[in-house]
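Here is the structure we will look at.
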Amino acid sequence: MTKKEKKQLKEAIANEEYIDQNNELIFKKLIFNPLLRAGGLLILLIFSLINNERIKRLASLTSNAFFNSEHILGYRTYYTILGITIGLCFIVSLLSLIAKSNINLSSIKILRNAYQIYSIYDLVIFIFSTFVCLFFIIMILITPCNISGTSMHNTYEDGDRVLLWNIGYSPVNKDVIVFDSSKYAPITNQQLYDWETKKLHTDYTSSSSERESRFYIKRIIAKEKDEIRYDALSHSLYVNEEFVENLNSFEMSRLLYSLKMDLTITEFQVPNNKVLVFGDNRGNSTDSRVFGFIDESEIIGKVLFRFYPFTKIGNPSPDINR
């Protein structure tokens, strides 16, 4: 810096009008900038609360994908950081408003301190607000998911990580989906129909497969309006006249039981908002053969592609293991 430039800067700093104008500008930023950010974050908070149940599921899924735990980056963390950020914005704005009306704006010391406060506030709020916004975008638009268990072997393996699309998704046959399984349990101790003996029997059996996790990954076999037909002689299940799988009497009865249908029916149409799902590893999968049809509302999203392990990135073709 030249002597002339230093002199000009010294004169400018000594100029009370110059200092006053800059203090006014800094304090306006400290008052109104936090309010604008708080307003945007409040809209995000309201939207999140309206969709609270979905946020809970998506946050758990995202946390599990990154940390193998549903709680480290779960919905409590999301809401806590969002609440702290909004609170900080309002506190900074309020304190700045009070300070502005009680200090001498022509002081260079005030200008320096106000600028330091603004710099610190701007960095902290930027980090916090960026985190909650990115986390929200990741959850809502493209949700990462950690595959647990072997029910989709050989298509997807235990430990694979995939991305889900969940905005405006409508079920399509043969899509691989992830859904919340917390409300589904094996149908046991129920009167189920045996087509061979033409009699009702009490089913005391349960699935030999262990529970994979709260979130299940399966393939859609049938959706609403699809035609289901069961050949009791060959134990074959057909969807729209296409063979799908062999089911024993109890497995077929569980499907009907979940729809509250007559257990002797062999042909029917899938009701609205219902989906039939199987794992690709048919011999070791807890799926609709165990707990029946699921509700579309429980679907979190469709698997777009696998992003980990890096040597297997992509969308693999179905590899059904019977």
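The values are calculated or read from the model by the stated rules, or taken from the named source; none is laboratory data. Keep in mind that what you see is a predicted model, and the values were worked out from it rather than measured. Positions of Cβ are backbone-derived with ideal geometry, glycine not excepted, and every protein chain shown enters the neighbour counts. Only protein heavy atoms, including side chains, enter the accessible area calculation; ligands, DNA and RNA are left aside. Shrake-Rupley method; radii C 1.70, N 1.55, O 1.52, S 1.80 Å.
Details
- Pair list, Cβ under 6 Å, 6 or more apart: the range 84-112 residue touching a residue at least 40 places away in the same chain (Cβ under 8 Å), other residue of a type in the set (G, A, S) and open to solvent by less than 30 Å² (accessible area, probe 1.4 Å): T85/S129; I86/A38; C89/A38; F90/A38
- Residue match in the range 248-255 (condition: on the phi > 0 side of the Ramachandran plot and either of a type outside the set (K, R) or crowded, with 18+ Cβ neighbours inside 10 Å (or both)): no
- Residue ID - farthest from V124 (Cα to Cα), chosen from residues in the range 92-104 that are of a type outside the set (D, E, K, R) and surrounded by 13 or more Cβ atoms within 10 Å (Cβ to Cβ): I103
- Residues satisfying the stated conditions in the range 218-247, i.e. aromatic (F, W, Y) and open to solvent by 20 Å² or more (accessible area, probe 1.4 Å): Y238, F243
- Out of I177, I147, sole residue that is under 13 Å from the mean Cα position of the chain (by Cα) and either of a type in the set (V, I, T) or crowded, with 16+ Cβ neighbours inside 10 Å (or both): I177
- Test: I265 is within 28 Å of H153 (Cα to Cα), modelled with pLDDT under 95 and open to solvent by 10 Å² or more (accessible area, probe 1.4 Å): no
- Test: E267 is acidic (D, E), more than 27 Å from the chain's Cα centre (by Cα) and farther than 15 Å from V172 by Cα: yes
- Within the range 50-75, residues that are part of a loop (DSSP other than H, G, I, E, B) have Cβ atoms under 7 Å from residues that are β-branched (V, I, T) and surrounded by fewer than 22 Cβ atoms within 10 Å (Cβ to Cβ) in no pair, counting only partners at least 6 apart in sequence or on another chain.
- Every pair of residues 6+ apart whose Cβ atoms lie under 7 Å, when the first sits in the range 308-322 and is touching a residue at least 12 places away in the same chain (Cβ under 8 Å) while the second is open to solvent by less than 60 Å² (accessible area, probe 1.4 Å) and among the β-branched types (V, I, T): P316/T155; P318/T155; D319/T155
- Residues that are at pLDDT 80 or above, open to solvent by less than 30 Å² (accessible area, probe 1.4 Å) and under 32 Å from the mean Cα position of the chain (by Cα) are absent from the range 205-214 altogether.
- Verdict on I72 being within 26 Å of the chain's Cα centre (by Cα), within 21 Å of I299 (Cα to Cα) and surrounded by fewer than 13 Cβ atoms within 10 Å (Cβ to Cβ): no
- Candidate set: the range 270-298, residues that are without any contact (Cβ under 8 Å) to a residue 60 or more places away in the chain and in a helix (DSSP H, G or I); chosen: the one surrounded by the fewest Cβ atoms within 10 Å (Cβ to Cβ): S297
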